[in-house]
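These notes are about the structure you will find just below.
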Amino acid sequence: MLLDLAGISNTSANLLFIEDLTMILDSSKDNEVRKLTLADHNAINDSLHKFRHMIEVVEIVDHHTDENLYTDTCSGTMRNIAFENGKALVASTTTLIAEMLLKRTSNPPVSLSTLLLGVILLDSVNLDESIGKVTPRDRDAVSNILTQTDWSNSSLLAYLKPSAGSQLTIDTNQLFSHLERAKYSPEFWKAFDVSRALGYDYKVFHYSRNNSKHRFGISTILMPVNQFMVKEGFLPKTAEFMRSKELTVLGIMLTFYDQTTGDFRRQLALCSSRYRWGVIGDDLIESKMYTYLALKEITSQQLTSDEIDVRIIVYEQGNVAPSRKQIGPMLVEFFASELDFDQDK
């Protein structure tokens, strides 16, 4: 929807996707090194690991925990990671991109302004202080985009409103409302099978324990757990997704608006193989994270056979302010220092 509003059509021809880059590298015969800028993450995608010798990360723009990778090719001002003391300094990486753009031009193109504005509004939940994500930098970015863009050439006719003097601006409340409805559309998420839903917005986190490196993943899904867990083949497909990503623990963050009350809600599902079952249950209950997030178990499932071995415990997240940007580092600390298990068992 946002791409359409920005006037970008035929995305397969005009945009380069991660699958396209994988195909380009896979078909390359000269092993030419490609220079990459990473945005909204600071580690390359799993699918690119086998091409690491053909990739040089030269810039990072992100607001997640710095994993301190690629420091030999990406440092100083080219390493723009807005995350300190366990907290993101902006609600959206797009805020950082807007800041960079507006340093270069005082009259940004309407198409770029539309994309930047829409994503910042979505990521900050319309600059809503009660959600706990928005920062002054996000507010400044939105304000500067609105005032420095000539919206008279915009195709966003349904969202235009008068501003100071004879200028036009965007009704951000109306734009956010329409984008939010599209983002959380039940029809959109119901159309995904389990594997596609888990991979749609998936991030990997790394931690060290006993002088060895480990990893886990977190998928974000915008629907309630009771709707997600009834999808066909939920448990076996979740187990297969974990095997494909070489995970012993997978987190699923479920974010949605309650259809009855309209309240913003979060649920956290933790999936593990058999020998990690205690990790996502009793050990978690005794952790600081459990108390801080105000977790409460609401359901669990498990499936054990010769081929499948997975257990899932789902918690209601009473403290809805922390998102994946905060919960990921919490789990890193939890797995790295608060558990007594043998990862290589």
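The values are calculated or read from the model by the stated rules, or taken from the named source; none is laboratory data. Since the structure is predicted, the reported quantities are computational estimates derived from the model, not experimental observations. Positions of Cβ are generated from backbone atoms using ideal geometry, with glycine treated the same way; all protein chains shown enter the neighbour counts. Surface accessibility is based on the protein's heavy atoms, side chains included, excluding ligands, DNA and RNA. Shrake-Rupley method; radii C 1.70, N 1.55, O 1.52, S 1.80 Å.
Of [x] 25.0, 79; [y] 21.3, 72; [z] 23.1, 81, which is the value of Rg and Dmax of the Cα atoms in Å derived from the coordinates here? Computing Rg and Dmax of the Cα atoms in Å and matching it to [x] 25.0, 79; [y] 21.3, 72; [z] 23.1, 81 gives [y].
Here the Karplus relation 6.51 cos²θ - 1.76 cosθ + 1.60, evaluated at θ = phi - 60°, turns the backbone of region 2-11 into coupling constants of 5, 4, 4, 4, 7, x, 9, 10, 6, 4 Hz, with x for every Gly and Pro.
Taking only protein heavy atoms into account and a 1.4 Å probe, give the accessible area per residue of the chain in Å². Write out the running numbers ahead of the final one.
On the way: 17620 Å² over 345 residues.
Accessible area per residue: 51 Å².
Near the amide H of Ile55, within less than 5 Å, lie the amide hydrogens of Arg34, all on another chain or at least 5 residues away, with H placed in the peptide plane. Placing dummy labels 7 Å off each Cα toward the beta-carbon, the span from Thr260 to Ser212 is 4.6 nm. Remark: for residue pairs Lys87/Lys183; Lys183/Lys231; Lys87/Lys190, the C-alpha separation exceeds 21 Å in Lys87/Lys183; Lys87/Lys190. 3J(HN,Hα) along region 23-34: 5, 4, 5, 5, 8, 5, 10, 9, 6, 4, 7, 9 Hz, from the Karplus curve 6.51 cos²θ - 1.76 cosθ + 1.60 with θ = phi - 60°, whole Hz, x for Gly and Pro.
Rolling a 1.4 Å probe over the protein heavy atoms of region 1-82, with every protein chain left in place, gives an accessible area that is 52 percent carbon and sulfur. Stretching the chain fully between Asp150 and Lys29 yields a gain of 39.0 nm (0.36 nm per residue, less the alpha carbon separation).
Applied to region 106-115, the Karplus parametrisation 6.51 cos²θ - 1.76 cosθ + 1.60 on θ = phi - 60° returns per-residue 3J(HN,Hα) values of 9, 9, x, x, 4, 4, 5, 4, 5, 5 Hz, with x for Gly and Pro. Rounded to the nearest 5, the antiparallel percentage of DSSP beta bridges internal to region 1-111 is 20%.
About its Cα centre, the chain has a charge dipole of approximately 220 debye under the convention of +1 per Lys or Arg Cβ and -1 per Asp or Glu Cβ, with nothing else charged. Kindly express, to the nearest 10 degrees and within the range 0 to 90, the angle between helix 136-148's C-alpha long axis and the longest C-alpha principal axis of the chain. Roughly 30 degrees, rounded to the nearest 10. Taken along its principal axes, the alpha carbon cloud of region 1-149 reaches lengths of 48, 41, 28 Å, longest axis first. Across region 174-284, counting alpha-carbon atoms alone, Rg and Dmax equal 15.6, 52 Å.
At 222 nm, what helix-only mean residue ellipticity would the chain give, in deg cm²/dmol to the nearest 500, using -39500 (n - 2.57) for each DSSP H run of four or more? Mean residue ellipticity, 222 nm, calculated: -9500 deg cm²/dmol. Counting only DSSP beta bridges with both residues in the chain, the antiparallel share comes to about 75 percent.
Using a 10 angstrom cutoff on alpha carbons, build the Gaussian network for the chain and name the most mobile of Met242, Met23, Met100. Its mean-square fluctuation being the largest, the pick is Met23.
Full extension of the chain between Ser244 and Gln302 yields a length gain of 19.0 nm, computed as 0.36 nm times the residue separation minus the alpha carbon distance. A straight chain from Asp193 to Phe17 at 0.36 nm per residue would run longer than the Cα-Cα distance by 61.3 nm. Can you tell me the orientation of helix 172-183 relative to the chain, as the angle in degrees between its alpha-carbon axis and the longest Cα principal axis, to the nearest 10? That works out to roughly 40 degrees.
Here are some pairs, Lys203/Lys296; Lys29/Lys50; Lys203/Lys288; Lys103/Lys133; Lys203/Lys325; which of them have Cα atoms lying more than 18 Å apart in this structure? Table pairs above 18 Å Cα-Cα are Lys203/Lys296; Lys203/Lys288; Lys103/Lys133.
Against the main long axis of the alpha-carbon atoms of the chain, helix 324-337 sits at an angle near 30°.
Averaged over residues, the count of other Cβ atoms within 10 Å places the peptides 146-154, 57-65 in the sequence 57-65, 146-154, highest first. Measuring nothing but how far apart in sequence close Cα pairs (under 8 Å, 6+ apart) lie, relative to its length, the chain scores a relative contact order of 11 percent. May I ask you to derive the FRET efficiency for Ser111 and Ser75 from their Cβ-Cβ distance with R0 = 51 Å, giving the value to the nearest 0.05? Efficiency at R0 = 51 Å is approximately 0.95. Working from Cα pairs under 8 Å separated by at least six residues, relative contact order for region 162-236 is 25 percent.
Here the relative contact order of region 137-275, from alpha carbon pairs under 8 Å that lie six or more residues apart, stands at 16 percent. Spatially, region 43-66 and region 114-152 are offset by 27 Å when compared through their Cα centroids.
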